[in-house]
Amino acid sequence: MSRAGRVAGKISGEIIQVPIDLFSLRLINGDFIGPKLYVGVDNKLHRVEGSEGAPLAYTPEVLSLLEKHSWNVRKDYGIESGELEDLKLKIRARGGVTEPIKAILDGNYLAPKDGHRRHLSVWQLNQEGCNILTIPTIITTIGHGTSWETEELDMWGDGKKNLNPVEKSSLIQRFINRGYSKEQFMEAVGITSNEYDTLMMVAGQPSNVQNLLIKGDIAVTTLRNAIAESKRLEWTSAQFAAGIIQAVEQAKGEGYVKASERYIKEYFHTLKEPPSLTLPPTEVTEVIVKPQLPNEQTTSSPSPPPRAKPKTGLKVNALKKLIDLKPLPAMEGFVEITEELEGHILLPIPEDMWDEILQLYEARREKKK
């Protein structure tokens, strides 16, 4: 049975050769995909017997789930770009992984904090006939001076490859959903108000515009200034998305590595009418109710600071739209308002407000009869 050389996390910063079949992957709701572990009488980690101890397998279903719900905001495994294959060639040539990954031990599960591509690479190489048994790992333990929330904040500036703007905006949104205010998050990671606002602007863009940032087709400052230009032209957010995607496609067709701010601005002004683009159905402007994922904040994490109160006007607007929804779900969640040109706003709806909202909903429904 697989086992680690010693109980992980006993010595901070120690590099341990960990068998690859001991690793799990953590989802944002606190669930794990992978084997449940226990510490044996030999003081080593083992997989439990039966289905609960089955090793992690990177099936298409698992990869799809990770893309949507992974705890790690770095969700790109480099499969489409070919970076994963390049990494596999390097690992094969070296006979294994040489650079340690970081992992977190939480009770019965061990999950990578970084090094997800290296773990996937080794798994795929072994499926192709290699026999790489272990990965050098530095392990920290939840409850021993750290928490999942602390590790999330540490991802902001951790590792050789910094988070891209889309990943950073995703992390900000995660903490907003937990009740962090702008000022609290800025202090936690050490960024300015301008940086925060720019990243929230990124969070408000549809995925096909965010992909331009991920692929390096535009810079985040170019995107910010292009949005400002589209507002001066009185375009809707959908028209802006169409315009910037078309501008980038044209720039790349002309041989440019990325579209500059000047190029995009000139392209916008050459159009005789606002551009149009068919967006995926999930990106249509609307108000939706998002149930809060269970166990998103683990019990070992410190209590979040008081939740920031939304502006009164925004709350009234949200409730007016909310009570027109049919049916109204009786659960705790968030109202997501996609305002034209203003991006996405998540308005927390505490559990104790739902009774009042339901009464408003019933009263409105009776009035319309």
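Rule-based calculations on the coordinates, nothing more; no lab input. Computed from a predicted model, the values in this text were never measured in an experiment. Heads up, the Cβs are rebuilt from the backbone with ideal geometry, glycines too, and the neighbour counts pull from every protein chain shown.
Dipole magnitude of segment 74-168 about its Cα centre, charges +1 at Lys/Arg Cβ and -1 at Asp/Glu Cβ only, in debye to the nearest 20? Could the numbers behind the result be given before it?
Values: 13 positive and 15 negative charges, 73 e Å.
For this selection, approximately 340 debye.
Checking the table K68/K90; K215/K265; K68/K182; K90/K258; K102/K168 against a 23 Å threshold on Cα-Cα, which pairs fail?
Numbers: K68/K90 28 Å; K215/K265 20 Å; K68/K182 25 Å; K90/K258 28 Å; K102/K168 19 Å.
Listed pairs above 23 Å: K68/K90; K68/K182; K90/K258.
So what's the convex hull volume per residue for the Cα atoms of segment 52-166, in Å³? Intermediate values should be presented prior to the final figure.
On the way: hull volume 14.7 nm³, N = 115.
Each residue corresponds to 127 Å³ of Cα convex hull volume.
Using amide H atoms built in the peptide plane, which far-off residues or other-chain residues are under 5 Å from I135 H to H?
The answer is V18, I20.
What shape does segment 118-277 have by the C-alpha gyration tensor, where a ≥ b ≥ c are the square roots of the eigenvalues, rounded means a/c under 1.5, and otherwise prolate means a/b greater than b/c and oblate the rest?
Values: a/c = 3.06, a/b = 1.53, b/c = 2.00.
Note, shape of segment 118-277 comes out oblate.
Looking at the calculated P(r) for segment 93-137, what percent of the C-alpha pair distances fall above 16 Å? Write down the numbers at each step before the final one.
On the way: 377 of 990 pairs.
In whole percent, the share of Cα-Cα pairs in segment 93-137 beyond 16 Å is 38.
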